[in-house]
Amino acid sequence: MSGVRLVRSDVLTTDVDYAYASVVPAGTRLIHLAGACPLDADGRTVAPGDPVAQAHQVVANLRQALADAGAGIDDVAYTRVLVASTDQADLVAVWDVVRAAFGDHDVPSTLLGVTVLGYPDQLVEVEAVAAVAE
């Protein structure tokens, strides 16, 4: 059972595809995930130059890290999506992949364009915090 309750607003615009906040009650186990990167099992960056393909790998790696910690996508309380691009279309394309992965669990998120990420040819990274009811 997820320890996350998503919060919407009756005042703020509903023209967004994410909740404005999430609440995690006391007694919930928090899981802070390292940024999921577009790396394969051998540590190589997949799909250099293709932010959408990298986003798919990042989501797969995020799902695996969550599973390894005893959680799933519906347990995520917050994400930060980083895209190494100054082109807003790249950010939106990556967001579409990440957002689709969460389905009805429209977790609060921040989407940022950044100058550079840590691995060679890396264009996408997703940080997450999850919460699992004890």
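The values are calculated or read from the model by the stated rules, or taken from the named source; none is laboratory data. From a predicted model like this one, the values you see are computed outputs, not experimental measurements. Using ideal geometry, Cβ is built from the backbone for each residue, glycine included, and neighbour counts are taken over all protein chains shown.
Looking at D17, is it modelled with pLDDT under 95 and either crowded, with 18+ Cβ neighbours inside 10 Å or not hydroxyl-bearing (S, T, Y) (or both)?
On the way: modelled with pLDDT under 95: yes; either crowded, with 18+ Cβ neighbours inside 10 Å or not hydroxyl-bearing (S, T, Y) (or both): yes.
For D17, the condition - modelled with pLDDT under 95 and either crowded, with 18+ Cβ neighbours inside 10 Å or not hydroxyl-bearing (S, T, Y) (or both) - is met.
Kindly provide the set of residues from the stretch 98-116 that are touching a residue at least 24 places away in the same chain (Cβ under 8 Å), assigned to a helix (DSSP H, G or I) and over 17 Å from G3 (Cβ atoms), ordered by number. Let's see the steps before the verdict.
Let us first name the residues in the stretch 98-116 that are touching a residue at least 24 places away in the same chain (Cβ under 8 Å), namely 98-99, 101-103, 105-116.
Then keep just the ones that are assigned to a helix (DSSP H, G or I); that gives 98-99, 101-102.
Selection gives V98, R99, A101.
Which residue, of A69, A47, is without any contact (Cβ under 8 Å) to a residue 40 or more places away in the chain and either closer than 16 Å to Y18 by Cα or of a type outside the set (V, I, T) (or both)?
Details: A69 fails: without any contact (Cβ under 8 Å) to a residue 40 or more places away in the chain.
None of the other options fit; the residue is A47.
Take the residues in the stretch 89-134 that are polar (S, T, N, Q) and surrounded by 19 or more Cβ atoms within 10 Å (Cβ to Cβ); name whichever of them is nearest to G27 (Cα to Cα). Spell out the reasoning first.
Going residue by residue through the stretch 89-134, those that are polar (S, T, N, Q) are 109-110, 115, 122.
Retained after the next criterion (residues that are surrounded by 19 or more Cβ atoms within 10 Å (Cβ to Cβ)): 109, 122.
Values: S109: 23, Q122: 37 Å.
For the stretch 89-134, the residue satisfying everything is S109.
From the list D42, D50, exactly one residue is surrounded by fewer than 15 Cβ atoms within 10 Å (Cβ to Cβ), more than 21 Å from A131 (Cβ to Cβ) and of a type outside the set (S, T, Y). Which is it? Give the steps one after another, and end with the answer.
Numbers: D50 fails: surrounded by fewer than 15 Cβ atoms within 10 Å (Cβ to Cβ).
Criteria check complete, one pass: D42.
I'd like the residue in the stretch 1-13 that is out of contact with any Gly (no Cβ under 9 Å at 6 or more places or on another chain) and farther than 15 Å from D104 by Cα and, out of all such residues, is surrounded by the most Cβ atoms within 10 Å (Cβ to Cβ). Break it down into steps so the answer makes sense when it comes.
Of the residues in the stretch 1-13, the ones out of contact with any Gly (no Cβ under 9 Å at 6 or more places or on another chain) are 1, 4-13.
Now narrow it down to the ones that are farther than 15 Å from D104 by Cα: 1, 9-13.
Details: M1: 8, S9: 11, D10: 5, V11: 5, L12: 9, T13: 7.
Across the stretch 1-13, the extreme among qualifying residues is S9.
Would you mind finding the one in R80, R44 that is among the basic types (K, R), modelled with pLDDT of 95 or more and touching a Ser or Thr at 6+ places or on another chain (Cβ under 8 Å)?
None of the other options fit; the residue is R80.
Mind telling me which of the residues Y119, Y78 ends up being among the aromatic types (F, W, Y), outside any helix (DSSP H, G or I) and either closer than 16 Å to P38 by Cβ or in contact with a His (Cβ under 6 Å, 6 or more places away or on another chain) (or both)? Spell out the reasoning first.
Working: Y78 fails: either closer than 16 Å to P38 by Cβ or in contact with a His (Cβ under 6 Å, 6 or more places away or on another chain) (or both).
Exactly one of Y119, Y78 is among the aromatic types (F, W, Y), outside any helix (DSSP H, G or I) and either closer than 16 Å to P38 by Cβ or in contact with a His (Cβ under 6 Å, 6 or more places away or on another chain) (or both), namely Y119.
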